[in-house]
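One structure below.
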Amino acid sequence: FIAAKCPSVTLCEGGQLAAMKWQKGGEIDMLWLVAGHLLGDFAFQSAWMVAGKGKSWEVNIYHALTYTATVFVVVAVGGIILPPWALCLLAGSHFVLDSLKARWELIKPIWLDQLLHLGVLIVIAFAI
């Protein structure tokens, strides 16, 4: 996959996908990514995830994957299909950053944690 906007998807006979073309729209892409981030990192992070992700690798992985799935769905609603590398970057970086904050306490203030997550989103928005 390359990142795609829904209107640029080309279908072959029988409705099969022929090509996915990417259209640059950085500011709009960033808005969808931030919306997905806010939902995934706050609304869909339960109290047991907050309490457990610093103690349990499994809970942290579950949170990172739930976060990534949420971002994927939200940006898809906005007409953006994230490529596999972007999904891996989202999940991997979220897991690492939350480990640095919750498990090892190397990231203390929430604004720094969120700034680092925002940096990952900026990289994705400029690269897709």
Q. Among (1) at pLDDT 95 or above; (2) within 23 Å of residue 26 (Cα to Cα), where does residue 79 come up short?
A. (1)
Q) Just checking, how many residues over the stretch 66-97 are under 21 Å from residue 50 (Cβ atoms) and either in contact with a strand residue (DSSP E or B) (Cβ under 6 Å, 6 or more places away or on another chain) or surrounded by fewer than 16 Cβ atoms within 10 Å (Cβ to Cβ) (or both)? A) 2
**Q.** Residue list for the stretch 101-128, restricted to those being over 15 Å from residue 41 (Cα atoms) and open to solvent by 50 Å² or more (accessible area, probe 1.4 Å)
**A.** 103, 104, 105, 106, 108, 122, 123, 126, 127
**Q.** Residue check for residue 16: touching a strand residue (DSSP E or B) at 6+ places or on another chain (Cβ under 9 Å), among the polar types (S, T, N, Q) and at pLDDT below 95
**A.** no
Q. Out of (1) surrounded by fewer than 16 Cβ atoms within 10 Å (Cβ to Cβ); (2) touching a strand residue (DSSP E or B) at 6+ places or on another chain (Cβ under 7 Å), what's the single condition that is false for residue 51?
A. (2)
Q.
Condition first: at pLDDT 95 or above, of a type in the set (A, V, I, L, M, F, W, C) and over 16 Å from residue 122 (Cβ atoms). Can you find one or more residues in the stretch 19-42 that meet it?
A. yes
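The values are calculated or read from the model by the stated rules, or taken from the named source; none is laboratory data. Owing to the predicted nature of the structure, the values given are computational and were not obtained by experimental measurement. So basically every Cβ, Gly included, is an ideal-geometry build from the backbone, and we count neighbours across all protein chains shown. These area figures cover heavy atoms from the full protein model, side chains too; ligands, DNA and RNA do not enter into them. Shrake-Rupley method; radii C 1.70, N 1.55, O 1.52, S 1.80 Å.
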